[in-house]
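What follows is one structure encoded as structure tokens, with my remarks underneath.
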Amino acid sequence: MTMRVKYMLVLLAVVITFLSCGRAVCQNPAAHWQQYKSVEQAGFSPEKLKVAKALYDSIQSSAFMIVQSGRVVAAWGDIERRFKVHSIRKPLLNSLYGIYIENGTIDTNLTIGQIPITERDSLSALEQSAKIVHLLKARSGVYHPAAAEMDWVKEYRPKRDSHPPDSFWFYNNWDFNVLGTIFERLAHTSIFNALYDDIAVPLQMEDFRIMDGVYFYERELSEHPAYHLKMSARDLARYGQLFLLKGKWNDKQILSEKWVKVSTYPHSKHGGGTKIGRWYGYLWGVSEYFNNYGMYYASGVGGQFLAVFPTEGLILVNRTNTYLNKQVLDKELTRLFDLILAAKIGKPSADPELLTLESKSRIPADTCCRQLDQSQYVGTWTIDGRRVSIFELNGDLVIKDFDQNFRLLPLSHSRFFLEDIEKYLNVEFDGVGLPFRFYYDEHEEKPNY
């Protein structure tokens with residue numbers, strides 16, 4: 001059987017599954033996730049699922065969700081906590097392109113020279129001929145240093161003008177960052193505002209806020225920033241559900257079916273990465289190992305993972321606490337996914353008993369309620385040799401550190417809880433009562449960014 005025939009058979013299975021989901025089984029969550037009262041009604045073996053849970057407990061995962069047909073089978077760990085998504089930011093940008101291409105705002109055939117895009121060390125005529133669509137496929141042929149790229153990229157980056165646009169795939173942060181610049185310039189809005197208005201609000205995301213996005217510049221390398229994001233497991237699962245149902249959320253077609261199809265098609269079959277991946281669409285990875293399920297995925301540093309299994313109506317989400325240097329390896333996730341798929345022994349019930357998925361507050365009970373003079377904390381400070389900023393936003397104090405924004409919740413006038421990162425900030429005052437030193441609890445592990 002040729003690879004083309006094999007892929008067409010998988011695609012046919014995906015289409016059949018999608019049609020059956022549309023008729024009866026698959027659905028999107030409402031304001032809150034619904035959970036199967038028993039995993040048997042989701043089509044899972046409880047004994048086999050316990051084996052998967054045991055593996056989950058043995059690795060450094062911080063949150064994990066199994067979503068079958070739009071309902072939760074299992075939710076392990078801190079599913080409400082906003083962790084940094086790392087490179088999942090790129091597939092999140094994908095949906096914004098889908099929306100703004102569909103409404104005529106963005107033309108993917110525009111070249112970066114026509115826009116125009118510039119760079120600190122200029123762009124050659126060949127580089128300027130790269131089109132938006134080439135950047136979406138990571139095939140621009142533009143090989144400049146970029147903000148927030150991994151160290152290995154510097155070693156393997158091709159020489160400039162060595163490959164014409166669309167002739168060679170390379171996991172290129174320059175492409176991804178410049179797509180952010182292009183989107184904001186053509187759509188006349190920020191990535192973070194658009195992601196909130198066009199995706200988070202209609203999908204009824206429970207945790208994502210505009211402040212959870214920040215720009216990260218390395219101006220000595222490039223004019224174009226990375227766009228870092230935080231998101232919870234339960235919100236990321238909603239994003240996967242949007243793609244699973246071909247861009248439709250309840251009665252609204254947020255993304256066109258055509259966009260979902262072209263985005264998750266393996267335009268590039270490259271040799272990089274682990275066997276879980278190696279194929280690439282439009283900012284989405286496409287699995288080689290799980291090809292029989294039509295699986296495509298979003299992944300990031302530390303084992304951040306959103307996997308969509310169209311033939312099964314299944315979504316798997318893994319989050320890892322990189323605030324504390326945690327890491328889950330691809331081989332561990334592959335094994336975990338295998339066990340979960342093995343635990344799926346039947347079809348979900350068409351009329352299951354459901355419970356509202358419980359949510360727990362991550363804010364300490366002893367948060368101070370009395371008003372503080374917030375203005376005295378506002379400014380630029382030094383913590384552990386780093387320059388950080390504290391500012392007021394929507395009535396709250398927010399600290400920007402570790403390339404992210406964290407809300408500061410007062411426990412007293414001299415001690416604060418950092419939401420999401422879940423550290424404690426201490427403040428010392430001088431003789432006239434003004435803050436002069438800020439420091440985190442020394443016994444806590446330092447985040448890794």
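The values are calculated or read from the model by the stated rules, or taken from the named source; none is laboratory data. Everything numeric in this text was worked out from a predicted model, so none of it was measured. Every residue, glycine among them, receives a Cβ derived from its backbone with ideal geometry; neighbour counts consider all protein chains shown.
What the table shows:
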read-out: Cβ pairs under 9 Å, 6+ apart, first in region 105-131 and in contact (Cβ under 8 Å) with a residue 24 or more places away in the chain and farther than 14 Å from Trp174 by Cβ, second in a helix (DSSP H, G or I) and of a type in the set (D, E, K, R); value: Ile115/Arg185
read-out: Residue match in region 376-385 (condition: assigned by TED's automatic domain parsing to the domain that holds Tyr424 and among the aliphatic types (A, V, I, L, M)); value: yes
read-out: Residues being farther than 15 Å from Tyr440 by Cβ and outside any strand (DSSP E or B) - total across region 384-409; value: 3
read-out: Region 294-325, residues that are touching a strand residue (DSSP E or B) at 6+ places or on another chain (Cβ under 8 Å), part of a loop (DSSP other than H, G, I, E, B) and of a type in the set (Val, Ile, Thr); value: Thr320
read-out: Residue among Glu220, Glu184 that alone is outside any helix (DSSP H, G or I) and modelled with pLDDT of 95 or more; value: Glu220
read-out: Scope region 24-55; condition among the hydrophobic types (A, V, I, L, M, F, W, C) and under 20 Å from Glu206 (Cα atoms); matching residues; value: Ala30, Ala31, Trp33
read-out: Filtered residues of region 69-104 (kept if in a strand (DSSP E or B) and either among the acidic types (Asp, Glu) or under 13 Å from the mean Cα position of the chain (by Cα) (or both)); value: Phe83, Lys84
read-out: Verdict on Asn325 being closer than 27 Å to Asn173 by Cβ, buried (at least 20 other Cβ atoms within 10 Å of the Cβ) and not basic (Lys, Arg); value: no
read-out: Filter result for Thr274 (within 21 Å of Phe168 (Cα to Cα), over 18 Å from the mean Cα position of the chain (by Cα) and either outside the structural domain of Gln34 (by TED's automatic domain parsing) or not basic (Lys, Arg) (or both)); value: yes
read-out: Members of region 58-93 that are free of Cβ contacts under 8 Å to residues at least 40 places away in the same chain and over 20 Å from Ser361 (Cα atoms); value: Ser58, Val73
read-out: Test result for Val214, closer than 18 Å to His86 by Cβ, at pLDDT 95 or above and assigned by TED's automatic domain parsing to the domain that holds Leu136; value: yes
read-out: Candidates Arg238, Arg219 - the one that is buried (at least 19 other Cβ atoms within 10 Å of the Cβ) and not aromatic (Phe, Trp, Tyr); value: Arg238
read-out: Residues (surrounded by fewer than 23 Cβ atoms within 10 Å (Cβ to Cβ) and either in contact (Cβ under 8 Å) with a residue 24 or more places away in the chain or under 30 Å from Tyr143 (Cβ atoms) (or both)) located in region 249-260; value: Trp249, Asn250, Lys252, Ile254, Ser256, Trp259
read-out: Those residues of region 242-293 which are touching an Asp or Glu at 6+ places or on another chain (Cβ under 8 Å), at pLDDT 95 or above and not in a strand (DSSP E or B), in sequence order; value: Lys246, Gly247, Ile254, Leu255, Ser256, Trp259, Tyr293
